[in-house]
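Written out below as structure tokens is the structure these notes cover.
The values are calculated or read from the model by the stated rules, or taken from the named source; none is laboratory data. Here the structure is a predicted model, which means the values were calculated and not measured. A quick note on method: Cβ atoms are made from the backbone with ideal geometry, for glycine too, and the neighbour counts reach across all protein chains shown.
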Amino acid sequence: PPTKLPRVGTTIFTVMSQMAAEHGAVNLGQGFPDFPVPQRLVDALDAAMREGHNQYAPMTGVPALRQAIAAKVRRCYGAGVDADAEVTVTSGASEAIFNAIQAVVRPGEEVVVLDPAYDCYEPAIDLAGARAVHVSLDPASFAVDWERVRAAITPRTRMLMVNSPHNPSGAMFSAADMQALEALLEGTDIVLLSDEVYEHIVFDGARHESVLRWPRLRERAFVVSSFGKTYHCTGWKVGYCIAPPALSAEFRKVHQYNVFCTFAPAQHAFAAMLREAPEHDQALGAFYQAKRDRFRQQLLGTRLKPLPVAGGYFQLVDYSEVSDLPDLEFVKWLTVEHGVTAIPLSPFYAQPPAGQRLVRLCFAKNEATLDAAIERLRRL
Ligand code: PMP
Ligand code: GLN
């Protein structure tokens, strides 16, 4: 049959998780925690199902959850958002990203994507009949050169996608980045899609520059987040999208015919969690910073060189002292010969930088898992 997505194969996360399982490797590839969900959340999910919240939720999301999200963004970012007109609960951030693109991007238009970029962006752009225009981040610092972004903008540019804290690099936007972004978009009708799934995983006292803090950006933006990252439950697939009323209305046209609504019991559980334990998200940075610091310290005992990590739960390492293999071959070799699975960076690029020797390790893991990986990596 004719294919609409000729360049798409199986995602690198699936490929590497399967390979890790086949070879009994310690899986630091696909990003997911290997420790439990907060007990309070499990109890809340159980209670929601027992209380009978098992039928369709309202299309836009359970009102108590939308209100709790609005309260959270007020608390975290000082932003007033209308829970009814501006918040939509989705089946993960992935669904939100897909909807936002389908809702506003037309055939023949362009979407500017900053590489390396998370893998679900481009297929959604392709399915909209549009074209992704790739601008590379600085290969050493993963900072944005806003002049290069400006140069990529054409009269056909409909959307710009950004992601901070960034997967895979762990880089974060500064206030100066946000000002540059404002200046760049001023006077255009470009829509911003801000992927903020790691919003609460930030280190060293840094402030997450949510687009919701920046009124001139917020008025043209879809801001997307995921409870999977914040509550250690990537398999529950619940996220949300915040956008001004007119953009939310278009977004909901896609959402209502894509999934109609998101898993109802979990929406009640997250509403209870946000209401009763609002401190959880604030504690997440310190929780993951301890893991980051311990893991980085351990990496110093290997020949892998850790790059800086400002946020998120991924650590990039330079393996050029260990091997000359291209990254896809290196991660296979590392899995098969050394029993540790990582994610190569090249699948995150339209055009990977020549000679780049970096792979991504996920540190959202128990100490025992990280210790087992380090013991193996020491032998490299
Ligand atoms: N964006 C980024 C940057 C991610 O890392 C992920 C999760 N891997 C997603 C979006 C998708 O989130 P969800 O699992 O909630 O769909
Ligand atoms: N977001 C996860 C990562 O970057 C992967 C999610 C998936 O497997 N689709 O590792």
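Looking only at the stretch 248-270, which residues are crowded, with 21+ Cβ neighbours inside 10 Å and under 21 Å from the mean Cα position of the chain (by Cα)?
SER248, PHE251, HIS255, THR262, ALA266, GLN267, PHE270
Looking at the stretch 129-184 only, could you name the residues that are more than 22 Å from CYS362 (Cα to Cα) and in a loop (DSSP other than H, G, I, E, B)?
Just the residues of the stretch 129-184 that are more than 22 Å from CYS362 (Cα to Cα), to begin with: 129-136, 144-161, 174-184.
Hits for the stretch 129-184 are GLY129, ALA130, VAL144, ASP145, ILE153, THR154, PRO155, ARG156, SER174.
Which of (1) surrounded by fewer than 16 Cβ atoms within 10 Å (Cβ to Cβ); (2) in a helix (DSSP H, G or I); (3) out of contact with any helix residue (DSSP H, G or I) (no Cβ under 9 Å at 6 or more places or on another chain) is the odd one out, the single condition GLY52 does not satisfy?
(2)
Hey, could you check the stretch 193-223 for residues that are more than 13 Å from ligand 2 (Cβ to nearest atom) and part of a strand (DSSP E or B) and say which is surrounded by the fewest Cβ atoms within 10 Å (Cβ to Cβ)?
Of the residues in the stretch 193-223, the ones more than 13 Å from ligand 2 (Cβ to nearest atom) are 193-194, 196, 199-200, 202-223.
Applying the additional criterion that residues be part of a strand (DSSP E or B) yields 193-194, 202, 221-223.
Numbers: LEU193: 26, SER194: 27, VAL202: 21, ALA221: 27, PHE222: 28, VAL223: 27.
Here the answer is VAL202.
Return the residues of the stretch 106-128 that are of a type in the set (D, E, K, R) and outside any loop (DSSP other than H, G, I, E, B); say none if nothing qualifies.
GLU110, ASP115, GLU122, ASP126
Only one residue in ALA79, ALA100, ALA57 is at pLDDT 95 or above and either of a type in the set (Ser, Thr, Tyr) or part of a helix (DSSP H, G or I) (or both). Which one?
Checking each option against the conditions leaves just ALA100.
Is it fair to say ALA249 is among the hydrophobic types (A, V, I, L, M, F, W, C), in a helix (DSSP H, G or I), away from ligand 2 (no atom under 16 Å from the Cβ) and within 21 Å of ALA85 (Cβ to Cβ)? Reasoning before the result, please.
On the way: among the hydrophobic types (A, V, I, L, M, F, W, C): yes; in a helix (DSSP H, G or I): yes; away from ligand 2 (no atom under 16 Å from the Cβ): yes; within 21 Å of ALA85 (Cβ to Cβ): yes.
Judged against the criteria, ALA249 is a match.
Look through ARG156, ARG148 and report the one residue that is without any contact (Cβ under 8 Å) to a residue 24 or more places away in the chain and not β-branched (Val, Ile, Thr). Give the steps one after another, and end with the answer.
Values: ARG156 fails: without any contact (Cβ under 8 Å) to a residue 24 or more places away in the chain.
Result of the check over ARG156, ARG148: ARG148.
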